[in-house]
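I have placed the structure first, in the form of structure tokens, so that the comments after it can refer back to it.
The values are calculated or read from the model by the stated rules, or taken from the named source; none is laboratory data. If you're wondering where the values come from, they're calculated on a predicted model, not measured in any experiment. Reconstructed Cβ throughout: ideal geometry from the backbone, glycine too, with neighbour counts over all protein chains shown. Calculation scope for accessible area: heavy atoms of the full protein, side chains included, ligands and nucleic acids excluded. Shrake-Rupley method; radii C 1.70, N 1.55, O 1.52, S 1.80 Å.
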Amino acid sequence: MIQILLWDVDGTLLDFHAAESAAIKSLFGEFSLGGCSEDMIRRYSQINELYWQRLERNEITKPQVLVGRFEQFFQEIGVPQALASEFNRQYQLRLGDTIIYRDNSISIVKKLRGKVSQYVVSNGTIIAQKKKLLLSGLGELMDGVFLSEEIGAEKPNRAFFDAVFDAIRPSSLSEVMMIGDSLTSDIQGGNNAGILTCWYNPDQKPAPLDYDIDYIITDLHEVISLVEAAQ
């Protein structure tokens, strides 16, 4: 039986790339940095993903991710790296301004209320995630929110999930399912924690063999069917 859902936010419940693009383009204007093209946004996204993966491997710290990604990006496009820290600070505030639900995720969370317990589990910053959860309405629908900055450990580390389990006390780990778009964070995290995993794969990428993936979905509405079939 699936009794507990652990939801990732960025790229799963909410469209992270839309929020990322809107925030960066807005701040380029405010910082008088000129225009920010789609190619520049794509390059930033690549850099950002690499930095987060290094964090997941415990190679660098969260502050090094947040500022370092902009330092590298700015260096590549000829913007003073000294702006990176303040740019990131403003970026965290702006990330929550753009709310776009993936697959109308809020309706899915609403439909599952009362049927299962639902929790947010995210590596995103406290400032950005709390604003997103408030403005999206998702936060009030959840049974709890777990952010890595508050816990002191990041997904996919087992310590992150141990802290979650200590708080929610599942009767069995076999009743818990992690839902997320990131193989390195969400799926690997679920594997490390010994729980069910559901890979949200809307782009229908080939499934790698080095992860234990219990379910692969291309639309979040499929979660409803998975829960109903497993109860």
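Annotation: segment 19-140 has a Kirkwood hydrodynamic radius of 15.8 angstrom, from the mean reciprocal C-alpha pair distance. The distance between label points at LYS115 and LEU50 comes to 4.2 nm (points 7 Å beyond Cα on the Cα→Cβ vector). For the chain, the share of DSSP beta bridges that are antiparallel, to the nearest 5, is 5%. Residues whose amide H lies under 5 Å from that of THR197, counting only those 5 or more places away or on a different chain, are MET178, ASP214, TYR215; hydrogens are built 1.01 Å from N in the peptide plane.
Taking 30 Å as the limit for the C-alpha separation, the pairs LYS25/LYS111; LYS110/LYS155; LYS25/LYS115; LYS25/LYS110; LYS62/LYS115; LYS62/LYS132 exceed it in the case of LYS25/LYS111; LYS25/LYS115; LYS25/LYS110; LYS62/LYS115. Stretched out straight at 0.36 nm per residue, the stretch from ARG169 to LYS62 would grow longer than its current Cα-Cα span by 35.8 nm.
Scaled against 2.2 N^0.38 Å for its residue count N, the alpha carbon radius of gyration of segment 98-207 is 1.04. The amide H of GLY124, built 1.01 Å from its N in the peptide plane, has SER148 as neighbours under 5 Å, considering only residues 5 or more places off or on other chains. Surface composition of the chain: carbon plus sulfur atoms contribute 49% of the solvent-accessible area (1.4 Å probe, protein chains only, all chains present).
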